[in-house]
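Beneath this line is the structure, given in structure tokens, with notes to follow.
The values are calculated or read from the model by the stated rules, or taken from the named source; none is laboratory data. Since this is a predicted model, take the numbers as computed values, not measurements. Note: ideal-geometry Cβ built from the backbone for every residue, glycine included; neighbour counts use all protein chains shown.
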Amino acid sequence: MVPSGWETKSLDSVTKVIDCKHRTPKYVNEGVPLVSPGTIKWGALDLITPTKRVSTEEYSSLMDHCTVNVGDLVLSRNQSVGVAAFVESDEPFVLGQDTVLVKPTEADSRFLFYNLQSVETQKTIFKLAGGSTFSRINLGDIRKLKAIYPPLLEQRKIAQILSTWDKAISTTERLIDNSKQQKKALMQQLLTGKKRLLDDSGKPFEGEWEEITLEKLAKYRRGSFPQPYGNPEWVDEVNGYPFIQVYDIDKNMKLKSDTKIKISDAAIGKSVFIPKETVIVSLQGSIGRVAITQYDAYVDRTVLLFQEFIVPMDKVFFAFIMQELFEIEKTKAPGGTIKTITKEVLSNFKVHIPSITEQQKIASVLINADKEIELLQQQLIDLKQEKKALMQQLLTGKRRIKI
């Protein structure tokens, strides 16, 4: 049911939808950025990320059929189908293939931007594109997209409210990025001894750090097969045991809450068991992801596990050390598309470690930094969920705004 005062309209009745020119231009190292479906994301149009650029002559040829103004939208017809970005500067750009320019004529630009994000509009686009995010939507279907529109003043008020939420989301995202950078700098200082913390007496820690090879610091080994794929008798998704693989290691030094694969009793004899609170590191693919396990599990051969420490070692401190070390070493890893850290490379690893007390202090500081980031990340999730719920109410007229 259409709310009182609102109207159902097609996109081409409130905008002018202009297609790109369907030809591949000649690219240059420096020039005007070309916007393609892969670079379009919700928000302001990104003219920094695109690596493809064209000469001013190509720009004039490719964009002579339209004029771009601040407030126009660029919409993707392919890859991320139906995703739109708004133009917020006069900087020139070229419409790449499978992109369209949407010029509002009878609608508020920002309201239109949010309307395209709405659940109903995105469902329609998904169906028209063939039910797949990476399909393609026809230009005619874009022009016929229907939605309900309130009067212009109400559109502007709704857009203003949702823009406020977007600003809060952007601010939180910047805080997260800044916190991550600060933590990274802090790690580089604390884990190398360039910055020393205070001991329990309030004095800076003193003394040289010990240089030690990985082999003299800990007993470690790789996990092992089985490979559950192709062996149904080794898999038991209902009553099986957690089987950790590279992609089960999260970015925050934890395992995902549930492993992708669970193995059966038949596979246990061929697997390596690790108790909870074991330090593990991925050796292949996403090299250097570190976790301290939260539960008992079995482990794949692409994962390195530390069974026992030969010298006094705080596990959290050690996990941070491994994270930093692998960040450096993974660039040297042999292999093509899938790089791997080998046993030979591991044997050459050297680390510098302070006393166990200083290790624990450093670990505590870095854990607190992680907690601050996690808190901000949760705030970001909450903001996005609240904005989504508000959009659903405002863009359908279930909640009306006083003008």
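For the stretch 163-214, the set of residues classified as under 30 Å from Gly71 (Cα atoms), in contact with a Leu (Cβ under 8 Å, 6 or more places away or on another chain) and not charged (D, E, K, R) consists of Trp165, Ala168, Ile169, Thr172, Leu175, Ile176, listed by residue number.
Of the listed requirements (1) farther than 16 Å from Lys388 by Cβ; (2) more than 22 Å from the chain's Cα centre (by Cα); (3) surrounded by fewer than 19 Cβ atoms within 10 Å (Cβ to Cβ); (4) not aromatic (Phe, Trp, Tyr), Pro150 misses just one: (3).
Total residues in the stretch 343-365 satisfying the condition of being surrounded by 15 or more Cβ atoms within 10 Å (Cβ to Cβ), modelled with pLDDT under 95 and part of a helix (DSSP H, G or I): the figure is 2.
Using the structure shown, decide if Asp64 is among the charged types (D, E, K, R) and loosely packed, with under 15 Cβ neighbours inside 10 Å. In short, yes. Would you call Phe243 part of a strand (DSSP E or B), assigned by TED's automatic domain parsing to the domain that holds Pro312 and within 21 Å of Thr302 (Cβ to Cβ)? Here the answer is yes, as Phe243 does meet what is asked. On the given criteria, is Gly96 under 29 Å from Pro25 (Cα atoms) and at pLDDT 90 or above? Yes: the conditions hold for Gly96. Quick check: anything in the stretch 75-83 surrounded by 16 or more Cβ atoms within 10 Å (Cβ to Cβ), at positive phi and touching a helix residue (DSSP H, G or I) at 6+ places or on another chain (Cβ under 6 Å)? Looking for residues that are surrounded by 16 or more Cβ atoms within 10 Å (Cβ to Cβ), at positive phi and touching a helix residue (DSSP H, G or I) at 6+ places or on another chain (Cβ under 6 Å), one finds at least one in the stretch 75-83, hence yes.
Within the stretch 120-159, the set of residues being without any contact (Cβ under 8 Å) to a residue 12 or more places away in the chain and either under 18 Å from Gln393 (Cα atoms) or in contact with a strand residue (DSSP E or B) (Cβ under 7 Å, 6 or more places away or on another chain) (or both) comprises just one member, Lys123.
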